[in-house]
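Structure, as structure tokens:
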Amino acid sequence: MMDDRTADEAPLPVVKREEITPAIAARILDATRMHGCNPRKLDPAHASRLARDMSSGGWNDHNPDVLSLCSHGAALQGQHRLEALIISQITRNFLIARDVPHATATTMDCGKARSAATALSLAGVQTGRKDIASSVRLLQLYDTERTKTPWPMWRSVTYTNAEIVRLFTSAYPDLAQYQPQMSALKSGLHSAPAASLTCSYLIHRNSQDPAMTADFLQGLVSGAHLDESDPRWVLRRWFVKPNRPRRGSSVSPLQLGMIIKCWNLWAAGATWEVAYFRPNERMPDVLSVREARNTLGPLAASSSGKPPRRLQRAAANLVPLPDQRTPAQARLPLTADLATA
């Protein structure tokens with residue numbers, strides 16, 4: 001039976017803070033399914049993300065979002081939070097409004113959802129919040145998923161705003177310092193912001209050679225004085241191909257993998273005949289200079305010192321990219337001062 005009272009006829013609900021256990025949450029959800037009071041389909045993935053927040057300490061009991069229950073005791077609003085309680089098996093306190101008319105459901109959840117960038121602003125991040133939020137996600141995927149999940153599937157992995165803020169403050173607190181390098185790569189290489197910031201951070205973090213890192217990024221940005229056998233030259237040619245992927249949720253992981261492969265080969269002194277990163281390839285590790293020379297050094301040592309014939313033929317019809325930076329962009333720092341700070 002549906003409650004046919006209008007919002008004007010019903011008394012205003014009284015909001016109280018109550019303790020909700022997983023057992024109480026299960027009873028409310030059973031009533032919701034039994035009476036059909038909430039036609040909104042429950043999203044298990046979203047409930048699981050909220051459960052992660054509750055389990056990790058990212059959920060705040062002072063959250064003022066009201067859990068709205070109708071006269072049947074069913075949830076008009078808040079079913080994902082209730083499902084998260086059941087998943088996490090944690091008791092939480094919620095503001096609860098009871099006997100809410102069904103007609104009010106048409107105006108619930110009409111506010112614009114906060115983005116991760118907005119959440120970072122509340123955490124004190126002043127500039128580049130959108131790029132930082134995207135990069136935190138990509139960094140976490142790189143650090144935790146590269147050996148488990150194929151990179152084209154990373155688009156299915158999502159993090160809540162609370163998780164993005166927690167990861168930024170605990171795992172990547174110095175990420176914002178690499179925004180000048182990100183701006184330079186975006187300008188010189190036309191790479192995606194998240195891929196630019198993430199690769200700058202990872203190469204500085206893992207290279208263990210600040211001078212080599214600075215040299216690599218400087219050549220990648222400017223393209224000046226690069227030999228045709230230089231992996232950076234080959235990668236820059238890939239970035240200007242008209243048919244390269246430019247949009248979509250997999251573009252940043254694709255570009256990140258390409259830049260990491262380029263770094264590993266360049267650090268080892270090896271050449272790169274054709275730039276590619278296939279969907280069935282695992283996201284490569286960012287090697288230190290020593291690791292690159294030990295693992296990829298034989299490839300470089302077996303080279304004759306000349307570009308492969310296939311690359312020579314391809315290069316015959318191509319003109320190396322000039323330094324496309326403006327004087328202001330040329331002054332952007334690409335040194336490794338951050339890595340040694």
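The values are calculated or read from the model by the stated rules, or taken from the named source; none is laboratory data. Here the structure is a predicted model, which is why all the values come from computation and not from measurement. Don't worry about glycine lacking a Cβ; one is built from the backbone with ideal geometry, like all the others, and counts go over all protein chains shown.
For the reader, a short list of remarks on this structure follows.
- Failed item, numbered, when Thr118 is tested on (1) outside any loop (DSSP other than H, G, I, E, B); (2) more than 28 Å from the chain's Cα centre (by Cα); (3) of a type in the set (Val, Ile, Thr): (2)
- Some residue of the range 53-67 being surrounded by 20 or more Cβ atoms within 10 Å (Cβ to Cβ) and touching a strand residue (DSSP E or B) at 6+ places or on another chain (Cβ under 6 Å): yes
- Screening the range 267-285 for residues that are surrounded by 13 or more Cβ atoms within 10 Å (Cβ to Cβ) and hydrophobic (A, V, I, L, M, F, W, C) and picking the one that is farthest from Val240 (Cα to Cα) gives Ala268.
- Enumerated helices (runs of 4 or more DSSP H) restricted to the range 194-296, each holding at least 1 residues that are of a type in the set (Ser, Thr, Tyr) and over 27 Å from Val136 (Cβ atoms): 210-222
Condition check ((1) in contact (Cβ under 8 Å) with a residue 24 or more places away in the chain; (2) over 28 Å from Arg166 (Cβ atoms); (3) out of contact with any Gly (no Cβ under 8 Å at 6 or more places or on another chain)) across all residues:
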position	(1), (2), (3)
Leu50	yes, no, yes
His62	no, no, yes
Ile86	yes, no, yes
Thr104	yes, yes, yes
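- Qualifying residue in the range 90-105 (condition: assigned to a loop (DSSP other than H, G, I, E, B), at pLDDT 90 or above, polar (S, T, N, Q) and surrounded by 13 or more Cβ atoms within 10 Å (Cβ to Cβ)): yes
- Unmet requirement for Gly219, which otherwise passes all of (1) under 24 Å from the mean Cα position of the chain (by Cα); (2) at pLDDT 95 or above: (1)
- Hey, Thr127 outside any helix (DSSP H, G or I) and touching a residue at least 12 places away in the same chain (Cβ under 8 Å) or not: yes
- Qualifying residue in the range 11-21 (condition: under 18 Å from Phe94 (Cβ atoms), at pLDDT below 85 and out of contact with any Gly (no Cβ under 6 Å at 6 or more places or on another chain)): yes
- Close Cβ contacts (under 7 Å, 6 or more residues apart or on different chains) running from residues in the range 153-164 that are farther than 22 Å from Ala123 by Cβ to residues that are charged (D, E, K, R) and at pLDDT 90 or above comprise Trp154/Glu145.
- Residue match in the range 134-153 (condition: closer than 25 Å to His35 by Cβ and either of a type in the set (Gly, Ala, Ser) or more than 23 Å from the chain's Cα centre (by Cα) (or both)): no
- A residue that is under 29 Å from Ala51 (Cβ atoms) and of a type outside the set (A, V, I, L, M) cannot be found anywhere in the range 175-195.
- Condition broken by Leu138, with the remaining ones in (1) touching a residue at least 60 places away in the same chain (Cβ under 8 Å); (2) among the hydrophobic types (A, V, I, L, M, F, W, C); (3) assigned by TED's automatic domain parsing to the domain that holds Pro44 satisfied: (3)
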